[in-house]
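Only one structure is covered here, and it is reproduced in the block below.
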Amino acid sequence: MDWQGQKLAEQLMQILLLIAAVMAFVVGYATASFRTMMLIYAGGVVLTTLITIPNWPCFNRHPLKWLDPSEAEKYPKPEVVAVSSKKKSSKK
Amino acid sequence: MHSFGYRANALLTFAVTILAFICAIASFSDNFSNQTPSAQIQILNINWFQKQPHGNDEVSLTLNVTADLQSLFTWNTKQVFAFVAAEYETSKNALNQVSLWDAIIPEKEHAKFWIQISNKYRFIDQGHNLRGKDFNLTLHWHVMPKTGKMFADKIVMSGYRLPNAYR
């Protein structure tokens with residue numbers, strides 16, 4: 001997930017859980033059934049899990065911009081001097 | 001929020017916190033219920049009234065308990081525990097309470113009842129003060145919730161008297 005997606009996922013999670021809680025309480029109180037309240041809330045938690053946890057495409061709309069390879073050439077990787085005297089040189 | 005585990009943890013923690021709030025509000029909503037219980041206790045018979053070998057008085061009664069505790073049940077009630085206690089005063093103690101009978105009422109439908117029974121628990125005094133004693137029979141109840149605060153209350157019925165001599 002990219003940064004925008006993470007923010008969106010977190011906000012969605014909080015709002016969805018709050019809405020599930022409010023609806024659960026209102027319906028449970030109106031029907032005088034504790035069991036109904038718990039079931040609705042559990043359903044809301046499962047739904048929120050399905051929406052916010054997996055890596056859906058809508059959370060990847062603003063992908064991170066990595067440096068172009070041409071930019072990277074200007075900053076070559078440093079040469080590693082190993083004991084076995086194997087020299088690594090950067091490949092283009 | 002950059003990995004499954006991180007998001008799952010955040011979601012679960014928030015969900016459980018909100019669950020705690022829901023339960024607290026559910027318990028708080030019990031304060032708004034309108035409770036009008038009623039009860040009546042009749043002593044049908046004093047079966048026997050003896051002094052035990054150790055010097056304590058003991059009475060055996062047959063009680064007729066009629067009660068309507070249906071209005072105590074709310075959506076957040078798991079069960080109601082009701083018990084009948086005999087309360088009286090002696091020179092040694094300002095208040096003596098002896099539990100004579102109790103019951104667990106799991107559902108609203110069972111809360112309106114009529115029962116005729118001899119005392120489930122023995123009515124034994126600390127001493128021998130019961131002859132000619134005036135006492136109250138009190139029906140106490142505890143409303144046990146599914147979540148949250150337990151409420152307890154009682155109805156005091158007075159005017160009962162034990163005989164002046166052993167039988």
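With respect to (1) open to solvent by less than 60 Å² (accessible area, probe 1.4 Å); (2) within 14 Å of chain A (Cβ to nearest Cβ), the lone exception for B:PHE4 is condition (1).
Number of residues in the range A:41-83 that are open to solvent by less than 100 Å² (accessible area, probe 1.4 Å) and assigned to a loop (DSSP other than H, G, I, E, B) equals 9. Each residue in the range A:41-64 was checked for being under 28 Å from B:ASP30 (Cα atoms) and facing chain B (nearest Cβ under 9 Å), and 3 of them qualify. Based on this model, can you work out whether A:MET1 counts as within 10 Å of chain B (Cβ to nearest Cβ), surrounded by 14 or more Cβ atoms within 10 Å (Cβ to Cβ), over 30 Å from B:ILE25 (Cα atoms) and at pLDDT below 95? Answer is yes for this residue. Here B:LEU11, B:LEU63 are screened, and the one residue that is within 14 Å of another protein chain (Cβ to nearest Cβ) and at pLDDT 90 or above is B:LEU11. The set of residues from the range B:91-149 being out of contact with any Lys or Arg (no Cβ under 8 Å at 6 or more places or on another chain) and hydroxyl-bearing (Ser, Thr, Tyr) comprises B:SER91, B:SER99, B:SER118, B:TYR121, B:THR147.
Do we have any residue at all in the range B:36-55 that's open to solvent by less than 50 Å² (accessible area, probe 1.4 Å), of a type outside the set (A, V, I, L, M, F, W, C) and either within 11 Å of another protein chain (Cβ to nearest Cβ) or closer than 30 Å to A:LEU39 by Cα (or both)? No - not one qualifying residue is present in the range B:36-55.
Among residues of the range B:103-112 being at pLDDT 90 or above and open to solvent by less than 50 Å² (accessible area, probe 1.4 Å), the one that is nearest to B:VAL59 (Cα to Cα) is B:ALA103.
Taken together, the residues in the range B:79-96 that are loosely packed, with under 15 Cβ neighbours inside 10 Å and among the polar types (S, T, N, Q) amount to 2.
Inspect all residues belonging to the range A:6-18 and state whether any of them is open to solvent by less than 50 Å² (accessible area, probe 1.4 Å), touching a Gly at 6+ places or on another chain (Cβ under 6 Å) and more than 7 Å from chain B (Cβ to nearest Cβ). Checking the range A:6-18: not a single residue is open to solvent by less than 50 Å² (accessible area, probe 1.4 Å), touching a Gly at 6+ places or on another chain (Cβ under 6 Å) and more than 7 Å from chain B (Cβ to nearest Cβ). Annotation: of all residues in the range A:27-40 being under 14 Å from B:LEU19 (Cα atoms) and open to solvent by 80 Å² or more (accessible area, probe 1.4 Å), the one that is farthest from the other protein chains (Cβ to nearest Cβ) is A:LEU39. Contact map, the range B:3-15: first residue free of Cβ contacts under 8 Å to residues at least 40 places away in the same chain, second residue part of a helix (DSSP H, G or I) and open to solvent by less than 80 Å² (accessible area, probe 1.4 Å), Cβ cut-off under 6 Å, separation 6 or more or different chains; pairs are B:LEU11/A:MET13; B:PHE14/A:LEU17; B:ALA15/A:LEU17; B:ALA15/A:VAL45.
What residue, among those in the range B:115-152 that are assigned to a strand (DSSP E or B) and open to solvent by 90 Å² or more (accessible area, probe 1.4 Å), is nearest to B:ILE41 (Cα to Cα)? It would help to see each step written out before you state the result.
Just the residues of the range B:115-152 that are assigned to a strand (DSSP E or B), to begin with: B:115-118, B:123-124, B:134-145, B:151-152.
Checking which are open to solvent by 90 Å² or more (accessible area, probe 1.4 Å) leaves us with B:116, B:134.
Values: B:GLN116: 10, B:ASP134: 15 Å.
Once the filter is applied, the top-ranked residue is B:GLN116.
Report yes if B:LEU100 is of a type in the set (A, V, I, L, M), open to solvent by 50 Å² or more (accessible area, probe 1.4 Å) and at pLDDT 90 or above, otherwise no.
No.
Going by the conditions given, is B:SER27 at pLDDT 90 or above, within 14 Å of chain A (Cβ to nearest Cβ) and under 23 Å from the mean Cα position of the chain (by Cα)? Considered against the rule, which asks whether it is at pLDDT 90 or above, within 14 Å of chain A (Cβ to nearest Cβ) and under 23 Å from the mean Cα position of the chain (by Cα), B:SER27 comes out as yes.
The values are calculated or read from the model by the stated rules, or taken from the named source; none is laboratory data. In this text, all values refer to a predicted model and were calculated from it rather than measured experimentally. Positions of Cβ are generated from backbone atoms using ideal geometry, with glycine treated the same way; all protein chains shown enter the neighbour counts. Ligands, DNA and RNA are excluded from the accessible area calculation, which covers all protein heavy atoms including side chains. Shrake-Rupley method; radii C 1.70, N 1.55, O 1.52, S 1.80 Å.
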